[in-house]
Amino acid sequence: MTDSPRPGPPDRPDSDLHDVEEPALGRLWATWRMSYISSLKDGTAAGDVFSELPKRTDGPENLIVHRGQHCYVVLNLFPYNTGHALIVPFREVGDLAELTDAEMLELMRLASVVVKALRRCMNAQGFNLGINLGHAAGAGIPKHLHLHVVPRWAGDTNFMAVTGRTKVLPESLPDTYDKMRRAIRAELGLD
């Protein structure tokens, strides 16, 4: 008796090659995220965390690494990559057209400072910068825009993200906070 391949659609004679089952979705327990998830209302953050954060004392607890006159720099609590920073106007504003010239200028100047700081302290090789305007564009807090600065390295996507659907962050937020704060201060000549 000979083995015969499973029957496949006539237009796909190589159907056996495509019948691979997707692996089950793995589970990574991240119980600390529940406080964030619980704060969401209709898929967006309740309140304006970007207006509340600056009211707190700077330190690893609130993750603000620098305050300017119109904007501040804060590490992302849920980073895409280690060193993922946000540049946020102090004033609640939801659209670029609503920014004053001074806010716009400082937002972009701080973006340049953050890029230089990430090169200095983490040897970042590339960057993704972006603003999500509006809920449909993925803005979690649509009423308060913020500029993402995400450092990148050649090969920073490895098998864990590709096959394990899990992002590995190689450094703690408090350690990144210390590095970034020192590097930004050095870039601005404050030390």
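Just so it is clear, none of the values below were taken in a lab; they were calculated from the coordinates. Keep in mind the model is a prediction, meaning the values are calculated, not measured. Ideal geometry is used to build each Cβ from the backbone, glycine not excepted, and the neighbour counts take in all protein chains shown.
Tabulated values for the structure
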{"read-out": "Theoretical FRET efficiency, 1/(1+(r/R0)^6), r = Cβ-Cβ of ARG91 and ALA137, R0 22 Å, to 0.05", "value": "0.60"}
{"read-out": "Extension gain (nm, one decimal) between ARG67 and THR100, 0.36 nm per residue minus Cα-Cα", "value": "10.1 nm"}
{"read-out": "Local electrostatic count, THR100, Cβ distance below 11 Å [Lys/Arg +1, Asp/Glu -1]", "value": "-3"}
{"read-out": "Formal net charge of residues neighbouring LYS55 (Cβ-Cβ distance under 15 Å; K, R +1; D, E -1)", "value": "-2"}
{"read-out": "Note, ³J(HN,Hα) from phi for the stretch 116-128, Karplus 6.51, -1.76, 1.60, rounded to Hz, x at Gly and Pro", "value": "4, 5, 5, 5, 5, 9, 10, 6, 4, 9, x, 8, 10"}
{"read-out": "Virtual spin-label span in nm between GLN125 and LEU173, 7 Å along Cα→Cβ", "value": "2.8"}
{"read-out": "Shape metrics for the stretch 41-187, restricted to C-alpha atoms - Rg then Dmax, Å", "value": "15.1, 45"}
{"read-out": "Footprinting exposure proxy for VAL73, VAL113 (fewest neighbouring C-beta atoms within 10 Å first)", "value": "VAL113, VAL73"}
{"read-out": "Sequence of HIS135, HIS66, HIS84 once ranked by neighbouring C-beta atoms within 10 Å, starting from the fewest", "value": "HIS135, HIS84, HIS66"}
{"read-out": "Placed amide H near HIS66: partners under 5 Å, 5+ positions off or other chain", "value": "VAL73"}
